Amino acid sequence: MSSLKLLIYAVSAEIASLLLLLSRQADLSLFVLYLFSHGLASALLSVVAWGLLPPRFRTPKILSWVLIFSFAFFIPAVGLVTILGGVALGIWLPALFRDKPFGLVDQPYFTPVQVNNAAGFRQIDLKSLLTTSRAPNALRVQGMLVLKDMPAKVTGNLLRHTLGDSFEDLRLLAYGILDQKEKEITRDIERALHLLERAKESRRYRLARRLAELYWELNYQDLVRGDIRTLTLERAAFYADMGLMEAPEDAGLWLLRGRIQLNQGEIGEAHQSMTFARRLGLSAAKVNPWLAEIALQRRQIPLVRLLMREITDDSQFTQLNKSVEFWRAYEPATGG
Amino acid sequence: MSLPRADSADICLLLEGTFPYVSGGVSSWVNQIIRGFPEYTFACCFVGSRPEDYGDMKYELPDNVVHLEVHYLHNFQRGAQKRSFKGNRKAYADLRRFHEMVKDGIHSRERSELFSRIVTHLGEGEDYSEESFLHSRASWDYIAESYREFSRDPSFVDYFWTIRIMHSPIWVLNDIADNLLPAKMYHTISTGYAGFLGAMLKRRTGKPLLLSEHGIYTKERKIDLFQSEWISDNRGLVEKNNAEMAYFREKWVNFFTELGRECYQASDRIVALYERNRERQMEDGAPPDRTLNIPNGIDLPRMQKVRAARGEAIPPVACLIGRVVPIKDVKTFLRAMRTLVNVLPDAEGWIAGPEDEDKEYAKECHGLVASLGLEKNVKFLGFQKIDELLPKVGVIVLSSISEALPLVLLEGFAAGVPAVSTDVGSCRQLIEGLGEADRAYGKAGEVVGIADPEALGNAVASLLKDKDAWHQAQQAGIRRVENLYTQEMMFGAYRDLYQSLVGDTDAAGPQESNNRRREGRH
């Protein structure tokens, strides 16, 4: 039965009992009837009130109910209010004094802190710092931290040189940096090889191209030497060829193939690949420097000049601009 | 299997991540030392990271190991009851004073007294209890203040947890120290956590502490930390100075440096394997008058039998003996094999060592063999008995990026196998000799730079190809080991150390602090 219904019954019984009490007749049977009616009202009310109590006040079951019933029965009307008040106090008071699991602290705030040792690091270039054993080791280690964030293509030589340093920490750091860079690329290669094994026909070209680029990257970043470099270049060439079988019109890949061949010392083939790249529409700015290099190796100086002149002024190759300028100036009277 | 237990021992070894649960050079050395001193009883206190990082025991415990206990530093208990309280502000002011002195590099009586006071009040209910560190208001305030004052990294959350996690093993060590059996002396095989435990024990019991360091722990930690990717740097792009280490990285490095320094300061004697390492220890704070060198030694009679088992011919086999882990740089060995096989197509490369320590790395190595096309020439043998392996080997190769005084080189020499090694640790000293007299024994192989596979491969190839050079190197190796690196010499030196240190306690009797502690426990 819902507590609302119970409440209605209780209130009705109580009103009945009050009416009985207020009647002028003083009769024992009437009083017993009153007691019965009031008792019923108290019992019902206690059931409702007990149900509303927080769980920890409900044990022991019977006694707690009897307590509420007694209040309701022996102190009519006021008793019930008292007990509800008691319950409220019982909930609020301990809460006021209980240890809270969380306390409030001030918000921490950040004040920028400067490093106190503004070591004379800036007055010396990294290379001489790392290659001299006269500089304090702590400073050289600091220099190494800078190298860590620089491209391996630039730092490779220096790092390799540091591998033979007399200070072990520096050696290990250099090793760690080189190893890390090499590992990143090797991991990508592993992944691509794995994909290639199960690749559909349509994806083979992309993966082969990616592999050629990755193997090339190992060489380009100067992470492989000696026999391993030879092997890496072979792999790069192999996958470049595989890619070109699928997509013979990929000018960029022809250029890459040319550069790989150039590194392998196969100048003739490199020349052919690069010429293809040029014919397939790659700009002079991208291809000609390599063709010029081949021409230079073949001692065909006028050809170098010709090739370099083909590179337009607005070329993005800012590093190249100087050499383009040089080759332009090489032919007198036409400078502009 | 239940571990041996005893009430007391002569020498208590403090072992961090080594014997008997990890195999390797240091563990073999510990095994050798224990077996070499049957007159002493040993207790082994193993300290590891997490239970799941170790398997079964890799060594049979010698009979004179009467006690073995195993502890883990990162075995967190979760859900413990938390309760906030005020904590002792005065105590934290002292702690601040101590850290200031550490920061400024001041070594004074005051610092040493503060340290003693701090490490003796780490127990439950005391000023520096773990509970107080983790939950007291005083601790919070100290951390928050330090953050404001020193942190170059803006993230408070990272700062707070870095400090908590960094310091948490200290209370584990304190518990270990509380319950460790009494011993006449403590012998730690590294600095780091085990060394710090030694320093704590020394401060509490007054018993002598001996430190034998193989690799330089602090240095190895430092290199690890430089490269680790789990330490965050929350500075913005414009706040960053590339020449500056990430702040938390620096914190960790400093932490381990100080652990090491406390151990050096507390040790009665500090043993290095060779001179360069001794110098390094002094740079890191070891008092020079307590340091000495004792090189590793080899059981010659045993190795002579191995040498006798060799055939006449030089087997075209280059063997790397060591665990397959990054520090051994197995990849460089494999790449060198490519060069070697290009010169000598029949040559074989063996890798004799367990692969379970760094499975990821082992997998990469196997992958590399395939990509180098060396499947026919390279074999991974797993753990091998050295007596059976060495007679079949032509050259021992060590491609490590860091070593101390590798036992495998000495064992190889004694067994008549020359070596090609990278120029790390004392390898050059072992192969080429140090000083006039030593150099006169000749070159027992070749030394090359680290991470230079081509030079390594070529050096091995030229040794294997040239019979005369090979035999000369073999003889040089044998002479050098027999004259300079025998087990008798090493045991002799340690016997003196043990006798003087154990003797110290017998003469002086247990110190007062020790008595007090023991009464408190029983």
(request) Find all pairs meeting these conditions: Cβ atoms under 8 angstrom apart; at least six residues apart or on different chains; first residue within the range B:355-371 and β-branched (Val, Ile, Thr); second residue crowded, with 16+ Cβ neighbours inside 10 Å. (result) B:369/B:334; B:369/B:378
(message) Quick check on residue B:55: is it touching a Phe, Trp or Tyr at 6+ places or on another chain (Cβ under 8 Å), over 30 Å from residue B:145 (Cα atoms), surrounded by fewer than 17 Cβ atoms within 10 Å (Cβ to Cβ) and touching a residue at least 40 places away in the same chain (Cβ under 8 Å)?
(response) yes
(message) Quick test of your reading of the structure: residue B:290 fulfils all but one of (1) modelled with pLDDT under 95; (2) over 30 Å from residue B:159 (Cβ atoms); (3) surrounded by fewer than 18 Cβ atoms within 10 Å (Cβ to Cβ). Name the failing condition by number.
(response) (1)
(message) Suppose we filter B:153, B:158, B:127 for residues that are among the acidic types (Asp, Glu) and under 21 Å from residue B:88 (Cα atoms); which single one remains?
(response) B:127
(message) Take the conditions in contact (Cβ under 8 Å) with a residue 60 or more places away in the chain and farther than 14 Å from residue B:330 by Cβ and apply them to residue B:435. Does it pass?
(response) no
(request) May I ask you to verify whether residue B:234 is more than 24 Å from residue B:6 (Cα to Cα) and either part of a helix (DSSP H, G or I) or assigned by TED's automatic domain parsing to the domain that holds residue B:135 (or both)? (result) no
(message) Considering only the range A:144-160, I want to know if a residue exists there that is within 10 Å of chain B (Cβ to nearest Cβ) and either in contact (Cβ under 8 Å) with a residue 40 or more places away in the chain or over 25 Å from residue B:247 (Cα atoms) (or both).
(response) yes
(request) Could you check residue B:466 against (1) more than 14 Å from chain A (Cβ to nearest Cβ); (2) touching a residue at least 24 places away in the same chain (Cβ under 8 Å) and say which number it fails? (result) (2)
(message) Show the residue pairs meeting these rules: Cβ distance below 9 Å; 6+ apart or different chains; first residue within the range A:218-229 and touching a residue at least 24 places away in the same chain (Cβ under 8 Å); second residue hydrophobic (A, V, I, L, M, F, W, C) and assigned to a loop (DSSP other than H, G, I, E, B).
(response) A:218/A:224
(request) Identify the single condition in (1) in a helix (DSSP H, G or I); (2) at pLDDT 95 or above; (3) of a type outside the set (Gly, Ala, Ser); (4) within 26 Å of the chain's Cα centre (by Cα) that residue B:475 does not satisfy, given that it satisfies every other one. (result) (4)
(request) Would you mention how many residues in the range A:203-238 are of a type outside the set (A, V, I, L, M), under 32 Å from the mean Cα position of the chain (by Cα) and not in a loop (DSSP other than H, G, I, E, B)? (result) 13
(request) Name every residue in the range B:171-195 that is surrounded by 20 or more Cβ atoms within 10 Å (Cβ to Cβ), under 30 Å from residue B:140 (Cβ atoms) and either in the same structural domain as residue B:135 (by TED's automatic domain parsing) or in contact with an Asp or Glu (Cβ under 6 Å, 6 or more places away or on another chain) (or both), in order of residue number. (result) B:192, B:193
(request) Give me a count of the residues in the range B:280-310 that are of a type in the set (S, T, N, Q) and part of a loop (DSSP other than H, G, I, E, B). (result) 1
(message) Being in contact with a Lys or Arg (Cβ under 6 Å, 6 or more places away or on another chain), in contact (Cβ under 8 Å) with a residue 12 or more places away in the chain, of a type in the set (A, V, I, L, M, F, W, C) and within 14 Å of chain A (Cβ to nearest Cβ) narrows it down to one residue among B:163, B:231; which is it?
(response) B:231
(request) Please work out which one of (1) among the aliphatic types (A, V, I, L, M); (2) in contact with a Pro (Cβ under 7 Å, 6 or more places away or on another chain); (3) within 13 Å of chain A (Cβ to nearest Cβ) is the condition residue B:273 fails and give its number. (result) (3)
(message) Anything in the range B:316-354 that is in a loop (DSSP other than H, G, I, E, B), in contact (Cβ under 8 Å) with a residue 24 or more places away in the chain and not β-branched (Val, Ile, Thr)? List them, or say none.
(response) B:316, B:322, B:323, B:329, B:344, B:346, B:347, B:353, B:354
(message) Of all residues being within 24 Å of residue B:408 (Cα to Cα) and among the acidic types (Asp, Glu) in the range B:1-59, which is farthest from the chain's Cα centre (by Cα)? Just the residue, please.
(response) B:56
(message) Scan the range A:240-248 and tell me whether some residue there is out of contact with any Leu (no Cβ under 6 Å at 6 or more places or on another chain), touching a residue at least 40 places away in the same chain (Cβ under 8 Å) and outside any loop (DSSP other than H, G, I, E, B).
(response) yes
(message) Would you confirm, using the coordinates I've provided, whether residue B:313 is part of a strand (DSSP E or B), over 20 Å from the mean Cα position of the chain (by Cα), over 18 Å from residue A:168 (Cβ atoms) and not aromatic (Phe, Trp, Tyr)?
(response) no
(message) If I filter the range B:132-151 for residues that are crowded, with 16+ Cβ neighbours inside 10 Å, within 14 Å of chain A (Cβ to nearest Cβ) and touching a residue at least 60 places away in the same chain (Cβ under 8 Å), do I get at least one hit?
(response) yes
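The values are calculated or read from the model by the stated rules, or taken from the named source; none is laboratory data. Everything numeric here is computed off the predicted structure, so don't read it as measured data. Glycine gets a Cβ as well: all are built from the backbone with ideal geometry, and neighbour counts include every protein chain shown.
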